[in-house]
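Note sheet for the following structure.
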Amino acid sequence: MRTLPRNDPRQYDELAGEWWRPDGAFAMLHWLAEARARLIPPAPRPGALLVDVGCGAGLLAPHVVGKGYRHVGVDVTRSALEQAAAHGVTPVLADAAALPLADGCADVVAAGEILEHVPDLPSTVAEVCRVLRPGGLLVLDTLNATPLSRLIAVTIAERLRGVPRGLHDPALFVDPRVLRAQCARHGVALRVRGVRPTVPAVAGWLAGVGNRRGRVVPTWSTAVLYQGRGVKEAGYGG
């Protein structure tokens with residue numbers, strides 16, 4: 001594998017074979033997708049649209065397939081989008097900070113494990129809120145900008161079995177206070193809560209025993225991982 005800068009999207013092309021290995025390098029992304037889907041209610045109307053920003057290879061798809069949405073996935077990695085399309089996601093090759101979608105088109109916007117990768121957080125937040133209709137739901141999860149988060153997600157994690165080096169740039173990790181303020185500017189009152197993987201799931205993955213029942217559960221601390229959920233108020237476009 002080439003040596004690339006931290007947070008370089010080209011790494012995902014080289015890791016294309018890892019996406020759908022539940023016990024592989026992206027195991028945690030499977031668990032987070034399952035947890036994110038639990039925040040998404042059934043579609044409120046026929047033809048409701050779910051926009052999955054930073055969809056990767058479509059890991060959210062199996063967990064929302066029965067909820068009644070048209071599932072559109074946006075990503076910058078073509079190889080990941082090809083896999084997402086094979087799982088029923090309508091692929092859109094685009095940057096999260098410049099979504100080629102109409103104002104207010106989405107009933108739900110999911111932004112899972114993407115905000116800690118974007119170099120322009122204000123523009124990305126503005127875009128995910130812009131495409132959300134009034135009354136629509138934003139759900140997200142990301143990494144906090146704390147020393148503990150950097151220690152766990154980078155210093156420790158990148159030394160573990162099978163974890164790719166350099167996927168994260170800790171300088172881009174997201175303070176929830178900043179994120180809530182950015183969302184509020186665009187009419188979304190975001191509520192956040194900490195989440196963590198269960199000990200059995202992590203232990204099984206580290207041991208390579210094929211634990212496919214890994215789950216992410218709420219926790220009192222937002223210091224490392226956190227989820228956000230908010231509804232767009234009326235009067236903010238769309």
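The values are calculated or read from the model by the stated rules, or taken from the named source; none is laboratory data. Computed from a prediction, not measured in an experiment: that's the story for all the values here. Ideal geometry is used to build each Cβ from the backbone, glycine not excepted, and the neighbour counts take in all protein chains shown. Heads up: the accessible areas ignore ligands, DNA and RNA and are worked out on the full protein's heavy atoms, side chains in. Shrake-Rupley method; radii C 1.70, N 1.55, O 1.52, S 1.80 Å.
With θ taken as phi - 60° and the Karplus curve 6.51 cos²θ - 1.76 cosθ + 1.60 applied, the whole-hertz 3J(HN,Hα) list for segment 66-72 is x, 8, x, 9, 7, 9, 9 Hz, x standing for glycine and proline.
The P(r) of segment 123-238 has a tail past 26 Å containing 31 percent of all C-alpha pairs. Taking the empirical scaling 2.2 N^0.38 Å for compact globular proteins as reference, segment 1-126 has a Cα radius of gyration ratio of 1.02. Among ILE156, ILE40, ILE114, the sequence by solvent-accessible area, most first, with a 1.4 Å probe is ILE156, ILE114, ILE40.
Close amide H contacts of THR219 (hydrogens built in the peptide plane, cut-off under 5 Å, sequence separation of 5 or more or a different chain): GLY194, VAL195, ARG196. Within the shell defined by Cβ-Cβ distances under 11 Å, the residues around CYS129 carry a net charge of +1, with Lys and Arg each +1 and Asp and Glu each -1. Karplus-derived 3J(HN,Hα) values for segment 76-82, using 6.51 cos²θ - 1.76 cosθ + 1.60 with θ = phi - 60°, are 9, 10, 4, 5, 5, 4, 4 Hz; glycine and proline are entered as x.
Within the chain, the proportion of C-alpha pairs whose separation exceeds 21 Å stands at 54%. Rolling a 1.4 Å probe over the protein heavy atoms leaves THR155 with an accessible area of roughly 60 Å².
Every helix of 4 or more DSSP H residues in the chain counts as -39500 (n - 2.57), and over all residues that averages to -7000 deg cm²/dmol at 222 nm. Close amide-amide hydrogen proximity is noted between VAL131 and GLY104, each under 5 Å apart and 5 or more residues distant or on a separate chain (H modeled in the peptide plane; Pro and chain starts excluded).
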